[in-house]
Amino acid sequence: MTTKIAVFASGSGSNFQAIQEAIENGKLDAQIKIVVTDKPNAFVVRRAENFNIPVFSFIAKNYDSKSDYEQEIVGILKAHEVEWVILAGYMRLIGNTLLSAFANRIVNIHPSLLPSFPGKDAIGQAMAHGVKVTGVTVHFVDEGMDTGPILSQAAIEVIDGNRQATEARIHAIEHELYTRTLQKLFMEFN
Ligand code: GAR
């Protein structure tokens, strides 16, 4: 059965695009019902429009609290019959409102081998630390910052002093690992 998902993103949306392409190529049995973004001008919005996928954009500071905007999001996700929330470069902590509405059904991708380098700019953190190997983690989301149970990981070698090339390696592996992990997960739950 096709799994109905929402993709949350704050930036370029290359992972969103990889997921949508995997769906179109028959590698992932899912349907992106809606993209949610906290950055109305992010490039992910244009990518979503190119695929004719609806977008819900919001500006957090226009709401009194996190639970206020998350309540609105939950309503929209329910109206679209969304079953899983897939975070793809969504740079906000998920609060209790979303966590309880989608208990154990929120997944994130993070550009490091967790528990190393949680939080912002994980690639920069890893390079500043001088690690030789870093990678990507797909994990369930809990109330912590990049702390939930790990679903899958993949490693890459850091290219010393070359952030751009290291980042390209991370992105390439992310796109493949995320779609493969999601397919396995959805098959287990269906
Ligand atoms: C990805 O590298 C993702 O792992 C990272 O943001 C990037 C988004 O790229 N997420 C985090 O750092 C979450 N803590 P994209 O917009 O091109 O998919």
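I'd like to know if region 47-68 contains one or more residues that are without any contact (Cβ under 8 Å) to a residue 40 or more places away in the chain, of a type in the set (Val, Ile, Thr), within 12 Å of the ligand (Cβ to nearest atom) and more than 21 Å from VAL138 (Cα to Cα). Among the residues of region 47-68, not one is without any contact (Cβ under 8 Å) to a residue 40 or more places away in the chain, of a type in the set (Val, Ile, Thr), within 12 Å of the ligand (Cβ to nearest atom) and more than 21 Å from VAL138 (Cα to Cα), which makes the answer no.
Please work out which residue is farthest from GLU174 (Cα to Cα), limiting yourself to region 47-66 and to residues that are assigned to a helix (DSSP H, G or I) and more than 17 Å from the chain's Cα centre (by Cα).
Selected residue: ASN62.
Scanning region 109-128 for residues that are closer than 18 Å to TYR178 by Cα, of a type in the set (A, V, I, L, M) and more than 7 Å from the ligand (Cβ to nearest atom) yields LEU113, LEU114, ILE123.
How about region 150-185: which of its residues are among the aliphatic types (A, V, I, L, M), in a helix (DSSP H, G or I) and either in contact (Cβ under 8 Å) with a residue 40 or more places away in the chain or in contact with a helix residue (DSSP H, G or I) (Cβ under 7 Å, 6 or more places away or on another chain) (or both)?
Scanning region 150-185 gives ILE170, LEU177, LEU182, LEU185.
Pairs please, first residue from region 125-144 and within 11 Å of SER112 (Cα to Cα), second anywhere and of a type in the set (Phe, Trp, Tyr) and part of a loop (DSSP other than H, G, I, E, B), Cβ atoms under 6 Å, 6+ apart in sequence or on different chains. Close Cβ pairs satisfying both conditions: GLN125/PHE117; ALA126/PHE117.
Please specify each residue of region 1-41 satisfying the condition of being surrounded by 22 or more Cβ atoms within 10 Å (Cβ to Cβ), free of Cβ contacts under 8 Å to residues at least 40 places away in the same chain and either within 14 Å of TYR178 (Cα to Cα) or more than 13 Å from the chain's Cα centre (by Cα) (or both). GLN20 - this is the single residue of region 1-41 that is surrounded by 22 or more Cβ atoms within 10 Å (Cβ to Cβ), free of Cβ contacts under 8 Å to residues at least 40 places away in the same chain and either within 14 Å of TYR178 (Cα to Cα) or more than 13 Å from the chain's Cα centre (by Cα) (or both). The residue that is surrounded by the most Cβ atoms within 10 Å (Cβ to Cβ), among those in region 54-100 that are closer than 29 Å to ASP121 by Cβ and of a type in the set (Gly, Ala, Ser), is ALA88. In this entry, LYS4 passes the filter for residues that are basic (Lys, Arg) and either within 30 Å of GLY130 (Cβ to Cβ) or in contact with a strand residue (DSSP E or B) (Cβ under 9 Å, 6 or more places away or on another chain) (or both).
Of all the criteria given as (1) among the hydrophobic types (A, V, I, L, M, F, W, C); (2) within 16 Å of the ligand (Cβ to nearest atom); (3) touching a strand residue (DSSP E or B) at 6+ places or on another chain (Cβ under 8 Å); (4) in a loop (DSSP other than H, G, I, E, B), the one not satisfied by PHE16 is (4). Considering only region 1-11, I want to know if a residue exists there that is at pLDDT below 95 and either part of a loop (DSSP other than H, G, I, E, B) or away from the ligand (no atom under 11 Å from the Cβ) (or both). Yes: one or more hits. Per the listing GLU143, GLU81, the residue uniquely part of a loop (DSSP other than H, G, I, E, B), more than 13 Å from the ligand (Cβ to nearest atom), within 23 Å of THR3 (Cβ to Cβ) and of a type in the set (Asp, Glu) is GLU81.
The values are calculated or read from the model by the stated rules, or taken from the named source; none is laboratory data. Bear in mind the structure is a predicted one, so any value in this text is a computation, not a measurement. Here Cβ is always computed from backbone atoms with ideal geometry, including for glycine, and neighbour counts include all displayed protein chains.
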